[in-house]
Amino acid sequence: MDKVLTKPHLSFEVFPPSASVPNEKIYQTVQSLGDLQPEFISVTCNNKKLNFNDSTLKIASYVENELQLPGVVHLTARYFDKNQIDYILAELKRLGINNILALRGDLVPGKEPKNDFKYASDLIEYIKQKDSNFKIFGACYPEGHPESPDKVTDIRRLQTKVAAGCDCLITQMFFSNETFYQFQEDCALANINVPILAGIMPIVNRSQALHVIQSSASYLPKKFVTMLDRYKTNPAALKAAGLAYAINQIVDLVTQNVDGIHLYTMNHPDVARHIYQETQTLFAM
C-alpha cells in the first residue's frame, strides 16, 4: 500500500521476537495493532541472530498483504552489502512493500560489518538510485546523535541524509517536548523540510525505565524522574503514570501541529490500544 503520509497520524513500531517466543505471538500483536488502523507499522531489523527474510521481511509482508496497511522495513547500512540490498529491494517490490527505514545500525559485538555502506545516507542514496519509487524514512536525534561531537555537526549530517533522498524522519524517543520543538526549529533553519515524526516510548515498568536511563542519552525532565521514584515499588501505579505521561506528550505535540506520532510499542498492543483510545479524537481532526 502507498498511503504514507497524512497528517496528523499515529504509527507503530514492532520488533521480531527472539527465537524462544512462538511466532504466533508476534502476529497476534501485529493484528491487534492493525485493528487500530495506524498510518503504518514499521518492523525493526535484528542484526544479531535472526534471519532477515524470516523475521523482518515476513512480518512486514503480513502487515502489508494480510492487514492491508503500509509496512515499513528497517534496513541497516552496516550489515548489508550491495548484493544483499539488491535482493531485498527485489523482494520488497514483489511483496508490494514500498517503505523503508534506512539506518546505519548499532555495532554488534563479534559480527563484522560490511563495507559497502558506511552511513545511512550511503544506503539511502543507493536505494533511491536503484528505484526512486521507494519511500525512505530516516532516523534523527532531537538531542544529537551520541557519536556526534556537537548538534551543529549532527544537523549537517542530517542535511546529507535528506539530500541523499530521505523522504521523512522519525526521531529517537524523547521525554521533553521542548527538546523536540527546539530540534524542529534547528531543522527549519537548516532547510530540512521533510516531515518529522515524533518518536514516543511509553514507560510502563521499572526494568524498562532503568534500561532507558542506562542506555539512552535522552534528557529526563524532573517530573519524569519524580514519577519513576514515586512509583518504583508500585508496578500498577508506575504503568498508569507512564501511560499518562506519554499521553500528555502526545496531546501537546498534536496540539502544536506535529507531523505525526510514531509509538515505540515494545510489542505491547495493550499499551498502544490504551494510548489510541485516549488520543484518537486528536488524530480524527
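Rule-based calculations on the coordinates, nothing more; no lab input. Remember, it's a predicted structure, so these values are computed and weren't measured experimentally. Here the Cβ is made from the backbone with ideal geometry for all residues, glycine too, and neighbour counts use every protein chain on show.
Within the range 18-73, report the chymotrypsin sites (Phe, Trp or Tyr not before Pro) that DSSP leaves as loop and that have at most 13 other Cβ atoms within 10 Å.
Values: sites: TYR27, PHE40, PHE52, TYR62; in loops: PHE40, PHE52.
Loop-located and lightly packed - none at all.
Pairs exceeding a 29 Å alpha-carbon distance, out of LYS25/LYS128; LYS48/LYS232; LYS25/LYS82; LYS48/LYS135: LYS25/LYS128; LYS48/LYS232; LYS25/LYS82.
Among ALA237, ALA164, ALA102, the residue with the largest mean-square fluctuation in a Gaussian network model of the chain, with springs joining Cα atoms closer than 10 Å, is ALA237. Working from label points 7 Å from Cα in the Cα-to-Cβ sense, the VAL251 to GLN280 distance is 1.8 nm. Annotation for the range 248-285 versus the range 135-206: alpha-carbon center distance of 18 Å. Annotation: extensible slack from ILE213 through ASP229 equals 4.5 nm (criterion: 0.36 nm per residue apart, minus Cα-Cα distance). Highest mean first, the peptides 110-123, 63-76 sorted by other C-beta atoms within 10 Å per residue fall in the order 63-76, 110-123.
Need the full-extension length gain, GLU185 to LYS118, defined as separation in residues times 0.36 nm minus the C-alpha distance. One decimal, nm.
Working: separation 67, 0.36 × 67 = 24.12 nm, distance 2.82 nm.
Length gained, GLU185 through LYS118: 21.3 nm.
The GLN129 and ASN53 beta-carbon pair, evaluated with R₀ = 22 Å, returns a calculated FRET efficiency of approximately 0.40.
The dipole here belongs to the range 10-283: it is taken about the Cα centre, uses +1 on the Cβ of Lys and Arg and -1 on the Cβ of Asp and Glu, and is about 560 debye.
Here Cα extents along the principal axes in Å was computed from the coordinates, and among (1) 52, 45, 44; (2) 75, 57, 37; (3) 48, 44, 42 the match is (1). Averaging the sequence gap over all C-alpha pairs within less than 8 Å and six or more residues apart, then dividing by the number of residues, gives the range 161-285 a relative contact order of 31 percent.
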